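Below: the structure, in structure tokens.
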Amino acid sequence: MSRLAEVIVLAPFADEVMEPLTRPDDSRDWGGCFERLYQVDGWVKEFNRSRSGLFRHLESLAWPNPASVQVLIHDEEDDCFGLWMIQDGVLTEVPLPGHRRLHPPAPTTEEYAPEPGLLWRTETTVPPGFSTERQDPRPAW
């Protein structure tokens, strides 16, 4: 599975909160920086494998309106962007009509990063070994 993914963070009035994430910072678990999207309160970043800790980092920020934060993620093998929103302080995936997240088997060692799974249409056949239940207990993001 490829691990290229686009991540868009939409958060009204969150310029101050997101500004530090637009600059390099080697202390972050995940690499790189977000870029500001103009015309909308949003930021975008393409990830290539270095994504661990992103959700934990976003959850820790002092959002002016946490209930309005939306994180859209499209792994290159997904059928569409997935949507996560903050609920009780945790980024939680919001189910999308006509789609389901399929998870691969957990790796036998922790040498490899956890997989986020695939967001596929419900009418597609589940590939062998995949399940709608999370098989790797480690967070992918």
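The values are calculated or read from the model by the stated rules, or taken from the named source; none is laboratory data. Note that the coordinates shown come from a computational prediction; the quantities given were computed from them, not determined experimentally. Ligands, DNA and RNA are stripped out before the accessible areas are found, and what is left, the full protein with its side chains, is counted by its heavy atoms. Shrake-Rupley method; radii C 1.70, N 1.55, O 1.52, S 1.80 Å.
Worth pointing out:
- Cα shape, region 82-141, gyration tensor, a/c 1.5 rule: oblate
- A 1.4 Å probe run over the protein chains yields, for the chain, 57 Å² of accessible area per residue, whole-number rounding.
- Note on region 7-50 and region 67-117: Cα centroid distance 18 Å, given to the nearest whole angstrom.
- Accessible surface of the chain, 1.4 Å probe: 53 percent of it comes from carbon and sulfur atoms.
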